[in-house]
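Data block below; observations after.
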Amino acid sequence: MDNEALGYVSSVQPFAPEKGAPSVDVVDEKALKRLIRVVESQIKTYHTISGMKQFPKEFNAEQREAMCAQYVMLLTSLLQLLNNAIDGIKEKGK
């Protein structure tokens, strides 16, 4: 028998997410936050002499400094993407 035949009408929207229910992306958000910490650590490292030492010594100091700056710029872009992804997860959960 069909529910409609019994005169039953559900008060729950069949395709609406539950309010206040944790997002299925919560695990992803936690992983992204851990990744953000790693990226931030790398950015700090490449702003130091230790970061410059990561590149081969066949490059002079000016070249290694330029490579560090480029790497920091790429990491900063990645950091922004990660933050945007987290914001998207939070927005989706509202």
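The values are calculated or read from the model by the stated rules, or taken from the named source; none is laboratory data. Given the structure is predicted, the values throughout are model-derived calculations rather than measurements. Note: ideal-geometry Cβ built from the backbone for every residue, glycine included; neighbour counts use all protein chains shown.
Is region 5-24 home to any residue that is of a type outside the set (Gly, Ala, Ser) and modelled with pLDDT of 85 or more? No, region 5-24 has no match at all. Sub-6 Å Cβ pairs linking a first residue in region 37-52 that is free of Cβ contacts under 8 Å to residues at least 60 places away in the same chain and closer than 15 Å to Leu78 by Cβ to a second residue that is of a type in the set (Val, Ile, Thr) and surrounded by 11 or more Cβ atoms within 10 Å (Cβ to Cβ), at least 6 apart or interchain, are Ile43/Val72; Tyr46/Val72, ordered by first then second residue. Close Cβ contacts (under 7 Å, 6 or more residues apart or on different chains) running from residues in region 66-77 that are under 12 Å from Met52 (Cα atoms) to residues that are among the β-branched types (Val, Ile, Thr) comprise Val72/Ile43.
Of all residues in region 52-65, how many are surrounded by 13 or more Cβ atoms within 10 Å (Cβ to Cβ) and not polar (S, T, N, Q)? Before the answer, list the steps.
Our first condition is that a residue be surrounded by 13 or more Cβ atoms within 10 Å (Cβ to Cβ); within region 52-65, this holds for 52, 54-55, 59, 63-65.
If we keep only those that are not polar (S, T, N, Q) as well, we get 52, 55, 59, 64-65.
Final tally of qualifying residues: 5.
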